[in-house]
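The structure appears below as structure tokens.
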Amino acid sequence: MSDKKTKPAKKGLIGWILYFAGSKKGQYMVSVFFALLSVACCIAPYFIIARIVQQLLAGVRDWKLFLQECGITALFWLGNVLFHAISTSMSHVATFNLLGNIRKSMCDKLTRLPLGTVLDMPSGSLKNIMIERIDSMETTLAHIVPEYTSNIILSIVLVVYLFVLDWRLALACMATLPIGFVAMCFMFKDGPARFKYALDKTKALNDTAVEYINGIEVIKAFGKSKSSYERFVVAAKEGSACYVEWMRDCIWPHAVATVVTPSLLFSLLPIGGFMFLKGTIDASLFITVIVLAVSAIQPFLIAFTYHDDIAKAGAIFGEVGSIMTLDELERPAVDVKKPFDNSIVLKDVRFSYKHSSDSHSGLDPESNKEMLNQVQHDKGEVQHDNNQVPRDKEILHGISMTLPQGSYTAFVGPSGSGKSTIARLIASLWDVDSGSVEIGGVNIKDLSLQEYNSRVAYVSQDNFLFDMSVRENIRLGRQNATDAEVEEIARKAGCYDFIMSLENGFDTIVGGSGAHLSGGERQRIAIARAMMKDAPIVILDEATAYTDPENEAIIQKSVAQLVRGKTLIVIAHRLSTVKDADKLYVIKDGVIDSCGTHEELLAQDGLYKKMWTAHIESKDE
């Protein structure tokens with residue numbers, strides 16, 4: 001039996017609400033119960049009014065009785081207010097928990113997805129779904145569950161009761177409903193397609209705004225502000241125009257539906273009056289039906305006002321569901337077996353970067369990457385291997401290698417050859433298409449993500465720092481580390497002095513993505529964070545790309561001390577930094593061109609020697 005954590009199946013609106021409600025399902029049910037009491041208390045006075053009218057027609061003049069019934073009406077009004085307050089309070093608490101569960105589930109889901117799937121989601125769309133769109137459901141869910149449900153139920157009960165009293169008068173009450181129904185059909189014509197189109201335009205606007213902000217440095221540097229801003233203006237106009245056109249087409253059907261549908265007395269009074277004059281019904285029944293018809297339309301109209309909110313919630317849950325049902329990394333919840341050591345073996349590994357089946361955006365997923373690549377290029381940053389290779393094309397072609405425990409291995413080769421791809425497969429950021437990656441004799445697909453993450457520390461050139469203090473960023477490597485341990489690891493990583501030179505030392509806030517620090521400073525803190533994790537396997541993917549030669553020498557010396565006894569993998573373009581590796585693998589066009597020590601590779605007079613010669617010549621120049 002597999003222990004793999006299964007992804008949820010696709011569901012409808014109610015299914016997703018129950019799925020994310022978790023332990024708060026019962027609270028929603030109790031909320032609906034109190035909402036029913038509230039609506040019942042709201043309708044009960046109509047029955048009392050009908051009875052008072054019947055008594056007056058019967059000649060009753062007991063004013064004390066009438067005052068008593070008016071007092072009961074006041075109690076029902078108080079009950080309506082009280083039960084409504086209890087219902088909405090409980091539904092709001094349950095809703096806030098539900099929204100929290102959605103966000104936590106989505107964040108947890110992202111950690112289980114292949115990195116490529118996450119990268120295919122434009123950050124603007126993902127942020128919009130997880131923050132604004134989920135937050136926009138708060139009012140809807142807090143009221144739709146108790147109030148929509150209770151009003152629909154009581155509307156049905158009242159209609160059934162009207163049929164019990166007199167089916168002819170009940171049908172007379174509903175004479176206006178077909179007109180309202182036809183109007184609503186026109187209003188909701190092409191509704192799902194229009195709503196999807198509006199959502200796509202809104203997503204496009206969000207993605208364009210995020211792209212514009214992220215690329216502002218390039219836009220300013222190359223004077224492209226006008227053309228870039230025009231794209232944003234176009235997206236903004238299209239985002240508003242789709243809603244304006246939709247509302248314009250719906251205004252007349254909506255007016256007819258909202259005016260004609262509630263007008264039950266328009267047909268009831270003439271038909272019922274004719275029946276009363278003919279003597280087929282008495283005045284008491286006629287008045288009772290009139291009062292109940294007026295009371296029945298109120299809960300129906302309240303329920304009707306939630307239709308747009310239900311459609312909106314359904315669309316948002318559809319977006320959430322499309323993410324929650326994506327294919328995850330193939331990992332069990334519990335380890336199938338434990339590795340016997342920390343050696344790494346790749347067996348005939350083949351891999352290609354594939355698009356997610358759902359881009360979750362109205363924009364081409366590559367558009368954000370194109371802007372990001374342009375920004376990185378103009379900053380002089382090194383490009384990822386996968387950014388230079390067409391999607392769905394095989395990148396690695398049968399890679400096999402063995403990295404003994406405690407060894408120091410380096411991957412070198414031309415840009416785009418697949419070095420970083422191999423490192424990311426070992427770091428479990430993607431799953432291989434075929435072949436296997438093994439740790440200590442165990443396929444990594446048989447290890448839980450928690451167990452595997454505890455064994456591997458991965459530092460890339462695109463290191464990320466959270467908008468918190470330097471101390472807390474380093475402590476992310478080990479949450480229970482003391483302040484003294486954080487400062488000690490910073491000394492060993494060679495970044496203590498520059499941290500102390502900051503305005504508030506270790507308590508300096510680094511800004512969003514570490515924006516208050518230079519690229520080299522961010523890298524050094526990221527390395528300290530990885531060292532704090534004290535994982536037995538360390539992967540450094542161009543981890544010193546932004547550092548100057550002086551600081552690089554310090555970092556190299558520090559890393560050499562900190563990774564002693566660990567399995568170390570280093571990807572580097574500067575060959576002089578890895579020439580002392582136990583073994584160097586030269587990667588070219590997704591295959592292993594050659595492997596060996598620095599001296600052995602120089603003696604082979606192959607690609608490595610050419611790269612080394614070019615490296616030495618560039619240093620001399």
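What the table shows:
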quantity: Single unsatisfied condition, C595 versus (1) at pLDDT below 80; (2) over 41 Å from the mean Cα position of the chain (by Cα); (3) of a type outside the set (S, T, Y); (4) surrounded by 15 or more Cβ atoms within 10 Å (Cβ to Cβ); calculated: (1)
quantity: Residues satisfying the stated conditions in region 490-533, i.e. under 30 Å from the mean Cα position of the chain (by Cα) and at positive phi; calculated: G511, S513, G514
quantity: Residue that is modelled with the highest pLDDT [pool: residues in region 268-285 that are aliphatic (A, V, I, L, M) and within 59 Å of the chain's Cα centre (by Cα)]; calculated: I271
quantity: Residues that are surrounded by 19 or more Cβ atoms within 10 Å (Cβ to Cβ) and either closer than 19 Å to V145 by Cβ or at pLDDT 90 or above (or both), drawn from region 77-117; calculated: N80, F83, H84, S87, T88, M90, S91, A94, T95, L98, I102
quantity: Pick from region 307-334, criterion in a loop (DSSP other than H, G, I, E, B) and open to solvent by 30 Å² or more (accessible area, probe 1.4 Å), ranking: nearest to V164 (Cα to Cα); calculated: D327
quantity: Condition met for S420 (surrounded by 21 or more Cβ atoms within 10 Å (Cβ to Cβ) and hydroxyl-bearing (S, T, Y)); calculated: yes
quantity: Residue within region 453-469 that is out of contact with any Asp or Glu (no Cβ under 6 Å at 6 or more places or on another chain), open to solvent by 10 Å² or more (accessible area, probe 1.4 Å), among the aromatic types (F, W, Y) and under 25 Å from L568 (Cβ atoms) present; calculated: yes
quantity: Candidate set: region 569-592, residues that are buried (at least 17 other Cβ atoms within 10 Å of the Cβ) and among the small types (G, A, S); chosen: the one modelled with the lowest pLDDT; calculated: A572
quantity: Residue ranges of helices (runs of 4 or more DSSP H) in region 447-514 with at least 2 members within 19 Å of T111 (Cβ to Cβ), of a type outside the set (F, W, Y) and at pLDDT 90 or above; calculated: none
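The values are calculated or read from the model by the stated rules, or taken from the named source; none is laboratory data. For clarity, every value in this text was computed on a predicted model and none was experimentally measured. All Cβ positions, glycine included, derive from the backbone under ideal geometry; neighbour counts span all protein chains shown. We work out accessible area using only protein heavy atoms, side chains counted, and drop any ligands, DNA or RNA first. Shrake-Rupley method; radii C 1.70, N 1.55, O 1.52, S 1.80 Å.
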